[in-house]
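Data first, discussion second: the structure below is written as structure tokens.
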């Protein structure tokens, strides 16, 4: 059973170096398989534990993303990643 | 013995062993392959890769720590992204597969894998992601260097040396200990490159634009560097060494003589007094400027008050800082430039959109006008601090009359606000603009009646006039302020200002070049503002001419067809 959530990235420059790094670090701390797709650009789901893949889906400000987690800690993983995105990675908007 | 010629960008003579600072990339030619001797054994290649990745990780930890201390936690976080790339599961899988299935060497596989992502990111048409592709290549190079066993050259010099490099980034330049750098020499770069500006500020001889000669220079070879003439002599014979020793002594003596009279005014042979002032960016710089004989400040930068901080400096904080600098100079003139930042130097509290071309974007006065509260705060702080001093306010990056008028409206609004709150302020502050956009230079006769003075910023005026990015080493030599096109604009601006009874300053690198002194004097520049260290020599150069002689030199120079002709002609008077 996988869990997913759709969210909007509101940071000024989207998932750029700093925010992408935070996202990947958080994803890597869980055992589940985690993917992220950029719905606004209709990309394929990318491995959320790969910084290069996450950068390559080109998430810009206001893009909709879909995060999917599958594995023993999927619920916690999804909550943690959603919290990171909705708190705008601790940046002021 | 070999003689190499480049562009002399910082005067002085040095002699010592060469230290080659390598920042050349490791090139893996994908067509020819890079066959490592163990490439036939995939397990050995994987082990080599793993060991190199571990070393790279350790190195990056040290870089991260150094960056945290120097530039702050937020900027340093890019290096945590670098570290993550070393552990990227998708990349590592791809590289391992290439080693195991295609029997590539670790170098080839790593290069192929990282290039794949670098190209992917570069091709996405997003400025931020393009910049990330440079990060991928940076990480890729770190690992390739370790894999190929190249040593990373350190910026820690064991003994004084002549530092030679392809090019030096600002961070390269600042990590060298200036006390051990005898001279900086680079293959690329021009008179306004970072290394040129920094060398001048530190009084270190420097040559840029040495071209392909660099390849022949090896560590430990002795070289003489003449930063005035732009000449390097490698492995000099005894006779040459002796010649330069006496030249060096005479340069030092010349500087000492110039310094001895630095506190006397610069008066031409026919008795015209020229104001020689300094460009300064901090209170400490102001006292140093005084030591070198500056008669005031022609350009006080205020950017660093605003950069590297999370919130805007308060009006109080700014006023206190401006007052501290004004007090150093008593009643002498101090020109303070309002905020001059743009997309290349963002401040977090000023919301700036990412720009493809920050030098043609919202910067300087354009930025001030879209952040009226920030501009008002600065203007009020300036007007308050100016009380009892000789303050002049100068606005950067002005391109049109509308902007001049908008500035005046802002100044009036700031005055009114101070009036209403009953705060004392300076009523007689001159308001001027920098001339650095060609449109402003061309329209100088229209702008002159509405300002109190012009100050010509030749670094930007040159890069805009010649369409040559002065941060791009491949074209920066073109942005030469002695180019006849720039000199003609300077002359035009000066005539326009004088026709309306306004004074003209010049605050680019050109003002501090003794070679340019006669032509600028002849054009009629009233105030020369420069790096403090250049004050003694420029004062001395100005004293050697009469107004008439200088005018004749300027007339001749303005008719010369190329920058090379200008330089050659001016050498006759140096």
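Read-outs throughout are calculated quantities, based only on the coordinates presented, and are distinct from any laboratory measurement. Not measured: the values here are computed from a predicted model. Cβ atoms come from the backbone with ideal geometry, glycine included; neighbour counts cover every protein chain shown.
Tell me, in nm to one decimal, what length is gained between residue B:562 and residue B:450 on full extension, where the rule is 0.36 nm per residue of separation less the Cα-Cα distance?
Answer, rounded to one decimal: 36.9 nm.
If you average the alpha carbon positions of region B:1-16 and of region B:491-511, how far apart do those two centres end up, in angstrom?
Each part reduced to its Cα centre gives a spacing of 33 Å.
For a test of the definition: using alpha carbon positions, the gyration tensor, and the 1.5 limit on a/c, classify the protein assembly as shown as rounded, prolate or oblate.
oblate
Between the helical axis of B:106-122 and the dominant principal axis of chain B, each derived from Cα atoms, what acute angle in degrees is found, rounded to the nearest 10?
40 degrees
In what order do B:502, B:351 fall by count of nearby beta-carbon atoms within 10 Å, going from fewest to most?
Ordered from fewest to most neighbouring Cβ atoms within 10 Å, B:502, B:351 come out as B:351, B:502.
Where does helix B:315-328 land angle-wise versus the long Cα axis of chain B, in degrees 0 to 90, nearest 10?
It is inclined by approximately 70 degrees.
Once Rh for chain B is found with the Kirkwood sum over Cα pairs, what is the Stokes-Einstein diffusion coefficient at 25 °C and 0.890 mPa s, in µm²/s?
94 µm²/s
Using the reciprocal of the averaged 1/r over all distinct C-alpha pairs, how large is the Kirkwood radius of region B:42-147 in Å?
14.2 Å
For labels at residue A:87 and residue B:472 in the simple 7 Å Cα→Cβ model, what's the distance in nm?
Here the modelled spin labels are 4.2 nm apart.
Neighbour counts of other C-beta atoms within 10 Å: give me B:556, B:188, B:239, A:12 arranged from fewest to most.
Ascending number of Cβ neighbours within 10 Å: B:239, B:556, A:12, B:188.
Can you sort A:1, B:443 by how many other beta carbons sit within 10 Å, fewest first?
Least crowded to most crowded, the residues run A:1, B:443.
Could the peptides B:515-527, B:541-553, B:372-384 be put in order, highest first, of the mean number of other beta-carbon atoms found within 10 Å of their residues?
In decreasing order of mean packing, B:515-527, B:541-553, B:372-384 become B:515-527, B:372-384, B:541-553.
Rounded to the nearest 500, what is the 222 nm mean residue ellipticity of the protein assembly as shown from helices alone, with -39500 (n - 2.57) per DSSP H run of 4+ residues and division by all residues?
-13500 deg cm²/dmol
Using every pair of alpha-carbon atoms in chain A, split the distances into 5 Å bins beginning at 0 and state the percent of pairs per bin, rounded to integers.
Bins of 5 Å from zero give 3, 16, 29, 29, 17, 5, 1, 0 percent of pairs.
Angle, helix B:127-147 long axis vs. longest principal axis of chain B, Cα atoms, 0 to 90°, nearest 10?
50 degrees
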